[in-house]
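Notes to accompany the following structure.
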Amino acid sequence: MVKICCIGAGYVGGPTMAVIAVKCPEIEVAVVDISVPRIAAWNSDQLPIYEPGLDDVVKQCRGKNLFFSTDVEKHVMEADIVFVSVNTPTKTQGLGAGKAADLTYWESAARMIADVSKSDKIVVEKSTVPVKTAEAIEKILTHNSKGINFQILSNPEFLAEGTAIKDLFNPDRVLIGGRETPEGTKAVQALRDVYAHWVPADQIICSNLWSAELSKLAANAFLAQRISSVNAISALCEATGANVSEVSYSVGKDSRIGPKFLNASVGFGGSCFQKDILNLVYICECNGLPEVANYWKQVIKINDYQKSRFVNRVVSSMFNTVSGKKIAILGFAFKKDTGDTRETPAIDVCKGLLGDKAQLSIYDPQVNEDQIQRDLSMKKFDWDHPLHLQPMSPTSVKQVSCVWDAYEAAKDAHGVCILTEWDEFKYLDYQRIYDNMKKPAFVFDGRNIVDADKLRQIGFIVYSIGKPLDAWLKDMPAVV
Ligand code: UDX
Ligand code: UDX
Ligand code: ADP
């Protein structure tokens, strides 16, 4: 029986291993983590992450061939294949601060693997890491190996949150990078055999280690670039009277471009895009490629611009001040169908409004007050540490209240900002919301999910990203 151990029971490790376990009943899968509450949650009815379909998959195999444990060393020692899916924060100090990946958790995991191993192992990079990390990990493993043979593979995960289970069941591709030696090829084949339980052979791509590592960074950079491209066009649409949805639709009809991932928004968020691009930028700079680095930097700059453009639009349309005004924030997660708030654009938008002394009332169906308060008081880049090492919010932000109802959030508010595209926000009773708001009542739709014309008939002044502006907004141009 093949035994798999995954170090790191997070958004990637948890769902990925659950799907491997459900598809490979003869493989024993242990998911281990240093966070006691996280493992306790994986062993309870209240899983630590919200992901459609995940509960079912975990229920099918937990206790049979899927185990969650804090006994990291025991399970690593017993495993044939060890996946590493630990945090890779952006460095906040020292060389490469604000750009380079901090590999502290990776290095400590690698040293532990070397310490406890008594048999040969395949070590799989699952979390996104800078190109050539495998080489560094290989050095740690072999220099401490006591004669044990370690084969290192790169097997980046391409799942998107909110659709993780669907993506894992039906991946566009599985990518496995390994050393081009007989041992390396054998290790690639062993991992291939695991995925071959449910992924068609022609969708399992094999490459060298560096191509696999770089492909992951490149894929995320390309995806983020599409969003920054459409967001850049959205600013021009507002200035010219074009409609970004019509432009996206026409552009996406070109089969060379394709229709997906062209929705203008208040900005992209999530744990990967910004971090991976910063990483790419840093690697380019280290390799003497400043032109390439600057090209990718621009994707992040446009994303930051989009968020501040949104804040400026809110403030300018409310007579250039939101001081003391209640503003409802609908949605705080970085996208719908997840409770994840890592790098969510809501953080920057809320901080921007708080900077102008607004009173915020925040509602997200999956994010609780503790998380929101922590996010709003945390420094940039501090979020990507194991949960138990993250700073607790020292003082909660007093201008912020969190509620469990969109109507409550909007009561007596001057404006409503929609920051996450939760389906329920499409179907709210906007007449009821309007009746209970201060007038003039504003809706700022950062996800283009409401029917703006209907809302205008009710009496709202509506701003939608990249859409022709109301007369009111034209008269109050945002300074950008
Ligand atoms: C992403 C990649 O899609 C995935 O392949 C990789 O493994 C991890 O990073 P994720 O961050 O979970 O996944 O979500 P994704 O659906 O890519 O959305 C990222 C951000 O872009 C979200 O904030 C989303 O709202 C935003 N987005 C996405 C847009 O603003 N417009 C779009 O058209 C699509
Ligand atoms: C382009 C658009 O494709 C077309 O829709 C528009 O109407 C006019 O501009 P064209 O310039 O004729 O058409 O050729 P295209 O096939 O787009 O190639 C443009 C350039 O890009 C060429 O120099 C081509 O060699 C280069 N190219 C194209 C690449 O370097 N790599 C590619 O993957 C594709
Ligand atoms: P991702 O989105 O990449 O899955 P997460 O932050 O959700 O990232 O998960 C990473 C997990 O790795 C966290 O639960 C953290 O506690 C765990 N972790 C970090 N370092 C170690 C380590 N040395 N040993 C075991 N678990 C670790």
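Quick note: the coordinates plus some simple rules give every number you see, no bench work behind them. In this text, all values refer to a predicted model and were calculated from it rather than measured experimentally. Because the Cβ atoms are built from the backbone with ideal geometry, glycine has one as well, and the counts that use them run over all protein chains shown.
General remarks:
- Trypsin sites (Lys or Arg not before Pro) restricted to the range 141-220 and DSSP loop, no more than 15 other C-beta within 10 Å: Lys146, Arg173
- Summing +1 for each Lys or Arg and -1 for each Asp or Glu among the other residues whose beta-carbon sits under 13 angstrom from that of Ser234 gives +3.
- Per-residue Cβ neighbour rank within 10 angstrom, fewest leading, Met437, Met378: Met378, Met437
- Computed lengthening from Phe261 to Phe319, 0.36 nm per intervening residue step minus Cα-Cα distance: 17.4 nm
- Taking other residues whose beta carbon is less than 14 angstrom from the beta carbon of Ser211, and scoring Lys, Arg as +1 and Asp, Glu as -1, yields 0.
- Each part reduced to its alpha carbon centroid, the range 219-284 and the range 445-475 end up 21 Å apart.
- Sum of -39500 (n - 2.57) over DSSP H runs of 4+, divided by residues of the chain (222 nm, nearest 500): -13000 deg cm²/dmol
- Taken as Cα centroids, the range 16-46 and the range 77-155 sit 20 Å apart, rounded to the nearest whole angstrom.
- Ignoring the sites themselves, the chain has its longest run without GluC sites (Glu not before Pro) in a DSSP loop having at most 16 other Cβ atoms within 10 Å at 181-480.
- Exposure proxy shown here: for Lys59, Lys307, the number of other Cβ atoms within 10 Å sets the order, fewest to most, as Lys59, Lys307.
- Cα-Cα pairs of the range 3-199 separated by more than 24 Å (percent): 37 percent
- Across the chain, Cα-Cα pairs farther apart than 35 Å form 36% of the total.
- Fewest-first ordering of Val36, Val72 by other beta carbons within 10 Å of each residue's beta carbon gives Val36, Val72.
- Percent of beta bridges antiparallel (DSSP, the chain, rounded to nearest 5): 5 percent
- Zero-based 10 Å bins, Cα pair distances in the range 55-137, whole percents: 15, 40, 28, 15, 2
- Exposed-site-free run, longest, the chain (rule: chymotrypsin sites (Phe, Trp or Tyr not before Pro); DSSP loop; at most 11 other C-beta within 10 Å): 1-318
- Volume per residue that the Cα convex hull of the range 243-475 spans, once the total is divided by residue count, Å³: 143 Å³
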